[in-house]
């Protein structure tokens, strides 16, 4: 209680006289890296996840790890105006005592972008630790420190999950949620507990003000992973797909290893989860132009001309520019063929899962609560999902 009183006093000293909270100090950006324009006029789905990582939230983090690729796979499959979407996801943790109290026990884990392997890596690194959960503060921090798209045709969603009262901390959650609504950003709240408690502790009110949806989940439930007859074929195709990726630059080898590591992280939740990740990797939202030569060449038509020999993988350093271009074209053709096979198998896999789910009692887990909600909100914006 003394810590909360002190934080409230410090906040009022620093921000008194301001009618909004736009003066909150944003979390510093990571070290600058090459900015790659990948949108190409595509509509965006921007999702910012705010996860409570206090001691009681191990089940929430476990469900997030188990269902990340199922969520990515669903949202990345959307289309708008007959074009694939640009899926961008950011991740914040809050309520962790290992973080600084002066910034509200909040940390931006992954900035908004298309680095899905990086998101998976950071998610699997999360550890829980008791602390104070300031929902209004973390929402406002996300609003202020994220580079949101300005076009209202994009879907922009904040998803906040936790179990403590929504009104804790020195930042008024009502003002944060109203600020989001004014910017066209939906606030979906997920209370990790029963519905009555979620309502009485203001989680529903936060969603109502933020024009989003109030959901509840049971973090004690294990996520149901449904294996299908197609998983083995999909996993073998994933292995072939990985062989079409060649790293370049200072971190090329490291990022290639990271890709394989995230396959293994997905496998820790079973073969069905690996199949979901592989299906997600078959979509256009899975791109790695900052380290893979094929994606880089597609993004930058002068890549072959400008790339330095020493930045290429060793097996390609002796090739001429013409030979390198032909090799990249070959890899691209092979990748597209594998992705086409994956796409066909995914349709069969998802149809099988749909039928199996009808036979099982639904559970209040993160995927059931979240994925359909965001998909429905995307449809309201004109996005189409082809199942």
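Report the residue, chosen from 281, 79, 347, that carries the largest GNM mean-square fluctuation when the chain is represented by alpha-carbon nodes joined by springs under 10 Å. Top of the fluctuation ranking is 347. Pick from 65, 44, 326: which is most flexible by mean-square fluctuation in a GNM of the chain where alpha carbon atoms under 10 Å apart are linked? For the chain, modelled as a Gaussian network with Cα springs under 10 Å, the answer is 326.
What percentage of all Cα-Cα pairs in the chain are separated by more than 28 Å? For the chain, the share of Cα pairs beyond 28 Å comes to 48 percent.
In percent, rounded to a whole number, the relative contact order of the stretch 231-358 is 34, using alpha-carbon pairs under 8 Å and six or more apart.
Report note on the peptides 242-255, 152-165: ranked by the mean count of other C-beta atoms within 10 Å, highest first, their order is 152-165, 242-255.
Each of 203, 137 was scored by other Cβ atoms within 10 Å of its Cβ. Arranged with the fewest first, they read 137, 203. For the stretch 83-169, the fraction of C-alpha pairs more than 16 angstrom apart is 57%.
Rg/Rh, computed from the Cα trace of the stretch 192-348 with Rh as the Kirkwood radius, has the value 1.14. Legend: P(r) of the stretch 309-387 from all alpha carbon pair distances, 5 Å bins from 0, whole percents, reading 3, 11, 11, 13, 13, 10, 8, 8, 11, 8, 4, 1. When only alpha carbons are used to place a centre, the stretch 89-139 and the stretch 285-351 end up 32 Å from one another. For the residues 140, 350, 364, a GNM of the chain with alpha-carbon springs under 10 Å puts the largest fluctuation on 350. Counting neighbouring Cβ atoms within 10 Å and putting the fewest first, the residues 227, 343, 320 line up as 320, 343, 227. Can you give the helix-only mean residue ellipticity at 222 nm for the chain, where every DSSP H stretch with n ≥ 4 adds -39500 (n - 2.57) and the sum goes over all residues, rounded to the nearest 500 deg cm²/dmol? Helix contribution divided over all residues of the chain: -14500 deg cm²/dmol. As a rough footprinting exposure proxy, the listed residues 178, 86 were ranked by other beta carbons within 10 Å of their own, and the order from fewest upward is 178, 86.
Readers should treat all values here as calculations from the given coordinates under stated rules, not as data from a laboratory. None of the values given here were measured: they were computed from a predicted structure. Neighbour counts are summed over all protein chains in view; Cβ atoms, including those assigned to glycine, are modelled from backbone coordinates with ideal geometry.
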